[in-house]
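Enquirer: What follows is a structure written as structure tokens; I'll ask about it next.
The values are calculated or read from the model by the stated rules, or taken from the named source; none is laboratory data. These numbers come from a predicted model, not from an experiment. Backbone-built Cβ (ideal geometry, glycine too); neighbour counts: all protein chains shown. In case anyone asks, the SASA skips ligands and DNA or RNA and just uses the protein heavy atoms, side chains included. Shrake-Rupley method; radii C 1.70, N 1.55, O 1.52, S 1.80 Å.
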Amino acid sequence: MFTGIIEELGTVVSIRLGSDSATIALHGPLVTSDAELGASICVNGVCLTVTNVNGEEFSADVMAQTLNLSNLGALQIGDRVNLERAMRADSRFGGHMVQGHVDAQAELVSRTPGENWEVVRFTLPGAIAKYVAKQGSIAIDGVSLTVSNLGDDWFEVSLIPTTLGLTTLGIKSAGDSVNLETDVLARHVERILQVMNK
């Protein structure tokens, strides 16, 4: 479980492709400071298991399904990624419940600068539109955010300077792909209603 509060920007060091998987090595001094084999680290919103730690770098295996469903399949050496370690039970819960399970990819449509913020619009895939609500929570590349505006096939978030400076959302351009994870509570409510109405 994660909170969507990014701890640091990491860098892709190497990518080793297999027939149906990949092993990705990433540089992240903070997240590796107490990392152990089997630990969970969220990479661009995807929960990955640490398979090796080498100084300030860690490696993780990524299965074909994850490569296809997330933007991890498009990563290249040198790319920056959002990193967050799994939350501790005794720490503050700063964002919202993020599982690291990507629901869909979206495309960044536009950026509109404000005085002290920036409004960023993304496409909203139809398959997950019902789970996205205005002023509701959404994780974009692992970043916990609030939906500030919503249309039939798009949504917007308003990013403060801290988010722009400390996450990859500050360097994304129109046309770039992002990972989306909707609020887990919405999915559970839907399932409960499905079962109750049978």
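Enquirer: What part of the accessible area of segment 49-167, given as a whole %, is carbon or sulfur when the probe is 1.4 angstrom?
Expert: Working: 2990 of 6330 Å².
Here it works out to 47 percent.
Enquirer: Net charge around Glu8, counting only other residues with Cβ within less than 11 Å of its Cβ (Lys, Arg = +1; Asp, Glu = -1)?
Expert: Details: positive: Arg80, Arg85; negative: Glu7, Glu56, Glu84.
Within the 11 Å Cβ shell, the charges total -1.
Enquirer: P(r) of segment 129-183 in 10 Å steps, Cα pairs, percent per bin?
Expert: The percentages, shortest bin first, are 23, 59, 18, 0.
Enquirer: Right, another one. What ranking, highest mean first, results for peptides 2-13, 111-122 when packing means the other Cβ atoms within 10 Å averaged over each residue? Numbers along the way, then the final one.
Expert: On the way: 2-13: 20.2, 111-122: 14.5.
Most protected by this proxy first, the peptides run 2-13, 111-122.
Enquirer: Please state the charge dipole magnitude for the chain, taken about the Cα centre, from unit charges on C-beta atoms (+1 on K and R, -1 on D and E), reported in debye and rounded to the nearest 20.
Expert: Details: 13 positive and 23 negative charges, 93 e Å.
Value, rounded to 20: 440 debye.
Enquirer: Another one. Tell me the trypsin sites (Lys or Arg not before Pro) within segment 41-102 that lie in a loop according to DSSP and have at most 10 other beta-carbon atoms within 10 Å. Working shown, then result.
Expert: Values: sites: Arg80, Arg85, Arg88, Arg92; in loops: Arg88, Arg92.
Sparse-neighbourhood loop trypsin sites (Lys or Arg not before Pro): Arg88, Arg92.
Enquirer: What relative contact order, as a whole-number percentage, does segment 83-143 give when Cα pairs under 8 Å and 6 or more residues apart are counted?
Expert: Details: 35 pairs, mean separation 17.8, N = 61.
This gives 29 percent for segment 83-143.
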